[in-house]
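Trainee: If you scroll down you'll find the structure; I have some questions about it.
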Amino acid sequence: MDFGSPAQRRDSMMDSSDEGLESQRLTGTASSRGSYGPLGRSGLLVVSATTHLLALVLLVLLTSTLKTYLSAEKPLLTWRTFPLHPFLMVLAFGFLAPIAAAAWKSYEHGLGMSHGTVKLIHGVLMLCATIVGVLGVIDMWLVHEDGAAAQTAKGWAVHFQSSHSYVGFATVLFFALQSVGGVAAFSLPALSARRRAEAVEPHRLLGGAAAHQAAMIAIITGILSLAGRGDNVASKDVEFKVAAMLALALC
């Protein structure tokens with residue numbers, strides 16, 4: 001009887017092991033600490049609920065602020081306008097992405113949803129966040145194009161005027177690559193169970209950096225950029241932008 005090459009037998013054993021661990025996790029035979037994390041089930045649910053609440057409050061607060069101070073004369077959801085950009089970015093990275101990240105573990109281990117359902121919810125929310133974020137970048141790009149003459153007259157660059165623009169563009173690009181990688185790794189049947197298991201930790205690490213640290217920095221710098229802008233010629237402005245990118249890398 002042919003059992004295949006040693007490498008094939010090793011992959012088969014690892015696949016079986018992965019499936020066994022998955023079965024234990026889904027049936028509740030895995031350790032409570034491994035399933036719920038160091039805070040246990042109650043702590044997991046509290047953290048998840050807090051994330052949902054903070055995301056909702058952030059979205060409502062920023063929507064109200066933008067409508068009151070930047071879009072009083074027209075609907076906030078007006079394409080090719082400046083107020084639409086911060087609304088879309090907060091919707092993407094301050095609301096959808098945090099909820100998607102919190103849902104991954106809490107919905108399954110805390111609320112008892114099936115792994116397949118949670119995987120679908122997580123994937124759809126992250127994909128929506130990516131699409132909304134890209135639309136937000138396009139909207140701001142068009143707004144800058146419409147005001148190109150005025151920007152040039154001031155001696156400013158038409159695009160990438162602030163530290164926020166650099167950090168934000170890097171964040172959206174990073175987030176989009178992470179989303180595509182996640183779909184490829186966990187939704188396509190081409191990868192074996194062993195390969196998918198190997199992709200979990202890199203996906204979690206990169207997703208945390210994109211969905212949490214980088215996105216939050218982009219939102220904060222976006223809020224701060226409303227207080228003033230500069231150009232890409234003055235050394236002070238260039239140095240501030242480089243410093244912002246270094247902060248992003250550290251984060």
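Trainee: Could the peptides 112-119, 164-171 be put in order, highest first, of the mean number of other beta-carbon atoms found within 10 Å of their residues?
Mentor: On the way: 112-119: 13.0, 164-171: 22.5.
Ranking the peptides 112-119, 164-171 by packing returns 164-171, 112-119.
Trainee: What lysines could a cross-link reach from residue 119, if we take a straight Cα to Cα line under 24 Å and drop same-chain neighbours fewer than 8 places away?
Mentor: 105
Trainee: Once the other residues with Cβ under 15 Å from the Cβ of residue 125 are scored (Lys, Arg +1; Asp, Glu -1), what is the net sum?
Mentor: Numbers: positive: 105, 119; negative: 108.
Taking every Cβ under 15 Å from that of residue 125, the sum is +1.
Trainee: Highest mean first, what order results for 175-183, 91-99, 148-156 on Cβ atoms within 10 Å? Provide the component values of the computation, followed by the final result.
Mentor: Numbers: 175-183: 17.6, 91-99: 24.2, 148-156: 12.1.
Packing order, densest peptide first, comes out as 91-99, 175-183, 148-156.
Trainee: How do the peptides 71-81, 100-110, 197-207 rank, highest first, by the average count of neighbouring beta carbon atoms within 10 Å per residue? Intermediate results must be reported in sequence, preceding the final value.
Mentor: On the way: 71-81: 12.5, 100-110: 21.2, 197-207: 14.3.
Going from most to least packed, we get 100-110, 197-207, 71-81.
Throughout, read-outs are computed from the coordinates displayed, never taken from laboratory work. Being a predicted model, the structure only gives us computed values, none of them experimental. In this analysis, Cβ positions are derived from the backbone assuming ideal geometry, glycine residues included, and neighbour counts consider all displayed protein chains.
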